[in-house]
Amino acid sequence: MKVLIRAIVSFFVFVVDVVYSNRSYARFYVLETIARVPYFSYLSVLHLYETLGYWRKADWLKVHFAETWNELHHLLIMESLGGNRLWIDRFVADAEHIAVAYYWIVVPLYMALPKYAYYLMELIENHAYHTYDGYLNEHGAELKAQPAPQVAIDYYRDGDLYMFEEVQTTPDSTFRRPHVDTLYDVFVNIRDDECEHVKTMVALQQPDARLTFKSPHTLVKVVATSGTLKLSKPKYSRT
């Protein structure tokens, strides 16, 4: 199954990279539109399980909603940069096309094989991390010369940071408080967000995840109220 999932993701990545090879912001817009979808699928299935009285995991719902909120702000940032300017890009990514099909692929996969649904998202978020990292390496100078969009400032610095904290893997009580002065800072933050998503996807694939996985704020509360207990999610190497 993992081989099949890797093949599907590799094909999708190849197509997007070829089609949008010379239009980075449009590529990021498409990727961020589609990246939100699996989290919607997870939430739908978890709500169904809760409605049926099968399984209630408030922490999982909270984390996955925070992940959709995080991806939404990535999307809003790309829109502010003109990533959705062309009709064809909106046509490719938006609800009546790839996103809806993707949603209905992930829903049955998550119901039948949740571990592989998380593995699928791990691969996608890992690709996103390396895509943004490569973009930063190639365009760092020009990005540092441009101001951060207001939507990024509101999300990463000046707004209610609870939702931003919910996507962070914190082994102690310290959450990220990133700089957001330039466009370079914004892309660094987006890249690092993708790394946090990967860590979460890895943690949710662990055999004991149903018993041990907690939201970052739950973990911080436990750490803050105990002098000895230190809980954290598995670490993900960025190399």
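The values are calculated or read from the model by the stated rules, or taken from the named source; none is laboratory data. Fair warning: this is a prediction, and the values are worked out from it, not measured in the lab. Positions of Cβ are backbone-derived with ideal geometry, glycine not excepted, and every protein chain shown enters the neighbour counts. These area figures cover heavy atoms from the full protein model, side chains too; ligands, DNA and RNA do not enter into them. Shrake-Rupley method; radii C 1.70, N 1.55, O 1.52, S 1.80 Å.
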* Hey, any hits in region 112-132 for a residue that's assigned to a helix (DSSP H, G or I), more than 18 Å from the chain's Cα centre (by Cα) and surrounded by fewer than 13 Cβ atoms within 10 Å (Cβ to Cβ)? -> yes
* To do: Go through region 1-54 and count every residue that is open to solvent by 40 Å² or more (accessible area, probe 1.4 Å) and either in contact with a Leu (Cβ under 7 Å, 6 or more places away or on another chain) or hydrophobic (A, V, I, L, M, F, W, C) (or both).
  => 17
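State whether the residues of region 83-95 include one that is within 16 Å of the chain's Cα centre (by Cα) and basic (Lys, Arg).
Initial filter on region 83-95 (within 16 Å of the chain's Cα centre (by Cα)): none.
Scanning region 83-95, I find no residue that is within 16 Å of the chain's Cα centre (by Cα) and basic (Lys, Arg), so the answer is no.
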* Quick check: is even one residue across region 146-162 touching a Lys or Arg at 6+ places or on another chain (Cβ under 7 Å) and buried (at least 20 other Cβ atoms within 10 Å of the Cβ)? -> no
* Structure fact -> Apart from one, (1) modelled with pLDDT of 95 or more; (2) open to solvent by less than 50 Å² (accessible area, probe 1.4 Å); (3) out of contact with any strand residue (DSSP E or B) (no Cβ under 7 Å at 6 or more places or on another chain) all hold for ALA209; the odd one out is (1)
* Does GLU142 fit the bill of being modelled with pLDDT of 95 or more, within 21 Å of ARG27 (Cα to Cα) and open to solvent by 70 Å² or more (accessible area, probe 1.4 Å)? -> yes
* To do: Please go through region 55-70 and pick out each residue that is open to solvent by 40 Å² or more (accessible area, probe 1.4 Å) and either closer than 25 Å to LEU183 by Cα or out of contact with any Leu (no Cβ under 9 Å at 6 or more places or on another chain) (or both).
  => ALA58, LYS62, TRP69
* Can you name the residue in region 28-69 that is farther than 16 Å from GLU125 by Cα and in a loop (DSSP other than H, G, I, E, B) and is also nearest to the chain's Cα centre (by Cα) among such residues? -> LYS57
